[in-house]
Amino acid sequence: MKFFVDTAEIDAIKELHALGMVDGVTTNPSLIAKSGRDILEVTKEICDIVSGPVSAEVVALDADTMLAEGRKLAKIADNIAVKVPLTWAGLQTCKALSDEGTMVNVTLCFSANQALLAAKAGATFISPFIGRLDDINIDGLELIEDIRTIYDNYGFDTQILAASIRSANHMSECAKIGADVATAPPGVIKAMANHVLTDKGLAGFMADVEKAGIKIL
Ligand code: E4P
């Protein structure tokens, strides 16, 4: 499973990228607003760090303006994936940009039917939002499973990009289901390293290091 990092914070991207943990980046208007940076400028900076797909989201609601925005975003770098919402206008934009050879990430997906439409419209990525479904007591992971089944049934090559990931547990569950990509905030990716028995085991080893005076350097 590929790891995308869900942030527009340059330092966090650089830190994870140096460890080989970043196969791509996703942003959205809220993350861009949080960064306090100009969207074109910060997106270019991210594309200079990461060679994999970098999602940059349109902000218009109608298809003509979305397409114009998408074309402008696509000019930032070769690895831009234009992110469009899963609306009818978003699907029209997805089809037009995909036909032009631009990668498209269709976002705000909350149902298997929406994912089916995105695949038909030629999406490179579909972004089902797990956490926001869990927030309203609908099992977000079940949606990932359903989309995996549907895409495999018909050989769609749209990649399932599990999004709105809120916990390390979501990451391993997505990997078990067979999501192609999971995008998560830097804190969630780092939290994957944590285990209470690792902490306990290390404390025990350190006590023995102290007791026996073990030194390596
Ligand atoms: C990713 O593409 C989405 O923008 C992001 O994962 C949304 O996450 P949230 O529901 O935690 O805001």
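The values are calculated or read from the model by the stated rules, or taken from the named source; none is laboratory data. Quantities reported herein were computed from a predicted structural model and do not represent experimental measurements. Every residue, glycine as well, gets a Cβ built from its backbone with ideal geometry; the counts of neighbours run over all protein chains shown. Ligands, DNA and RNA are stripped out before the accessible areas are found, and what is left, the full protein with its side chains, is counted by its heavy atoms. Shrake-Rupley method; radii C 1.70, N 1.55, O 1.52, S 1.80 Å.
Would the stretch 81-90 turn up any residue that is more than 16 Å from the ligand (Cβ to nearest atom), open to solvent by 30 Å² or more (accessible area, probe 1.4 Å) and either within 19 Å of the chain's Cα centre (by Cα) or over 18 Å from I126 (Cα atoms) (or both)?
no
Mind listing whichever residues of the stretch 148-186 are surrounded by 15 or more Cβ atoms within 10 Å (Cβ to Cβ) and either of a type in the set (D, E) or modelled with pLDDT under 95 (or both)?
E173, D180
Residue check, A112 against (1) in contact (Cβ under 8 Å) with a residue 24 or more places away in the chain; (2) touching a Ser or Thr at 6+ places or on another chain (Cβ under 8 Å), all met but one. Which one?
A112 satisfies every listed condition except (2).
State which residue is nearest to the ligand (Cβ to nearest atom) when the search covers only the stretch 118-147 and only residues that are under 22 Å from Q92 (Cα atoms), without any contact (Cβ under 8 Å) to a residue 60 or more places away in the chain and open to solvent by 30 Å² or more (accessible area, probe 1.4 Å).
In this case the residue turns out to be G122.
So if I check each of M192, M206, which one is open to solvent by 50 Å² or more (accessible area, probe 1.4 Å), farther than 23 Å from T93 by Cβ and without any contact (Cβ under 8 Å) to a residue 12 or more places away in the chain? First the steps, then the outcome.
Details: M192 fails: without any contact (Cβ under 8 Å) to a residue 12 or more places away in the chain.
When all the criteria are applied, what remains is M206.
Can we say I46 is within 16 Å of the ligand (Cβ to nearest atom), closer than 20 Å to V188 by Cα and at pLDDT 95 or above?
Yes.
Among the numbered criteria (1) open to solvent by 30 Å² or more (accessible area, probe 1.4 Å); (2) in contact (Cβ under 8 Å) with a residue 40 or more places away in the chain; (3) under 19 Å from A184 (Cα atoms), which one does M103 miss?
(3)
Working only within the stretch 7-29, note down all residues that are of a type in the set (G, A, S) and either part of a loop (DSSP other than H, G, I, E, B) or surrounded by fewer than 15 Cβ atoms within 10 Å (Cβ to Cβ) (or both).
Correct list: A8, A18, G20.
Can you pull out the residues in the stretch 1-53 that are over 11 Å from the mean Cα position of the chain (by Cα) and hydroxyl-bearing (S, T, Y)?
Selection gives S30, S35, T43, S51.
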